[in-house]
Amino acid sequence: MPTLSLFSKFDEEDIKEACRLHLKGKSDATVAYLPLAVLYAERWQESTKEFFKGLAKVETINAELMTLPEMEAILRRSTLVCIPGGNTFLLNHRLHISGLMPYLKKKVQAGLPVVAFSAGTILCGPNILTSRDLNTVATPHFDGLDILPFNFKPHYPEDARGQSEMDDWLADYFFFHDNPIVLLSDRASVRMDGKKITLTRGPAWILRPNEEKQELEEGQLIPWHPSLKTM
């Protein structure tokens with residue numbers, strides 16, 4: 001069953017703790033690091049290794065330089081997948097063009113834990129259409145991993161004016177789609193254990209078509225079905 005820890009933005013302490021839960025006590029732990037949302041991933045290579053020092057070995061997946069069997073082999077021997085932020089369209093494009101997307105989805109559905117933030121969080125929904133990144137790569141691929149039934153909007157403003165502007169922009173999504181959108185402030189995070197989805201930190205809201213958005217409470221289970229308001 002899927003196990004995901006999803007964050008709105010990078011928070012070193014919280015993300016390290018989420019990773020530690022899966023890596024602690026495993027002497028041969030390996031993290032599959034997928035910095036596919038950035039153009040110059042090598043800039044972060046050393047800091048990423050330092051981040052996981054004492055917890056796990058890091059193996060970086062490079063969609064341009066590796067073959068599909070090489071990337072799949074990394075996922076097979078990994079204890080955890082880490083998907084950082086950047087440009088969501090670039091991330092999704094690389095996963096689709098390289099052919100890795102189906103295998104990554106299969107492994108995550110089978111229980112390979114994921115820790116992700118920003119673009120990596122958006123990727124876990126049905127599609128990536130709630131990203132405000134520029135589609136500079138001109139990808140025609142918009143399907144996400146579809147592990148959760150919600151789209152995500154990280155970096156959701158906490159001020160009333162910012163929320164109003166963002167809600168107006170997101171309203172266009174519901175002309176074509178009816179799945180809910182989970183709105184995550186920069187402090188917010190979500191955890192998925194099987195079919196149990198919990199807001200581990202807020203503030204956060206859920207937005208459904210033709211309804212006022214609902215503020216979620218920390219520790220609250222986020223309902224799967226649109227007709228369920230609380231759980």
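Every read-out reported here was derived from the displayed coordinates using simple, explicitly stated rules and does not represent laboratory data. In this text, all values refer to a predicted model and were calculated from it rather than measured experimentally. Cβ atoms come from the backbone with ideal geometry, glycine included; neighbour counts cover every protein chain shown.
Between His141 and His155, residue separation times 0.36 nm minus the direct Cα-Cα distance comes to 2.8 nm.
Each 10 Å bin from zero up to the one holding the largest Cα-Cα distance in the range 1-91 carries the following percent of pairs: 15, 51, 32, 2.
Each Cα pair under 8 Å and six or more residues apart adds its sequence gap; the mean of these over the residue count of the chain is a relative contact order of 21 percent. For Lys213 and Lys16, what does the FRET efficiency come to when R0 = 25 Å and r is the distance between their Cβ atoms, rounded to the nearest 0.05? The computed FRET efficiency comes out at 0.20.
Considered as an equivalent ellipsoid built on the Cα gyration tensor, the range 73-161 has semi-axes of 23, 16, 11 Å, the largest given first. In terms of overall dimensions, the C-alpha atoms belonging to the chain reach 47, 39, 29 Å along their principal axes, ordered largest to smallest. The simple Förster model, with R0 at 25 Å and r as the Cβ-Cβ distance, assigns Glu42 and Gln109 a FRET efficiency of 0.25. Could you give the Stokes-Einstein D for the range 146-231 in µm² per second, using the C-alpha Kirkwood radius, 25 °C, 0.890 mPa s? Translational D for this selection: 188 µm²/s. Loop-only check: which trypsin sites (Lys or Arg not before Pro) in the range 62-94 are DSSP coil with at most 15 other Cβ within 10 angstrom? Within the range 62-94, the qualifying trypsin sites (Lys or Arg not before Pro) (loop, at most 15 other Cβ atoms within 10 Å) are Arg77.
Remark on the range 136-189: ratio of C-alpha radius of gyration to 2.2 N^0.38 Å is 1.27. When GluC sites (Glu not before Pro) are flagged only if DSSP places them in a loop and at most 13 other Cβ atoms lie within 10 Å, the longest unflagged stretch of the chain comes out as 65-157. If exposed means no more than 16 neighbouring beta carbons inside 10 Å and the site is in a DSSP loop, what's the longest run of the chain without any exposed chymotrypsin sites (Phe, Trp or Tyr not before Pro)? That would be 41-141. Derived value for the range 61-124: Kirkwood hydrodynamic radius 11.9 Å. Basis is the mean of 1/r over every pair of different alpha-carbon atoms. Pop the C-beta distance of Glu70 and Met1 into the FRET formula with R0 = 30 Å and round what comes out to the nearest 0.05. Efficiency, rounded to the nearest 0.05: 0.65.
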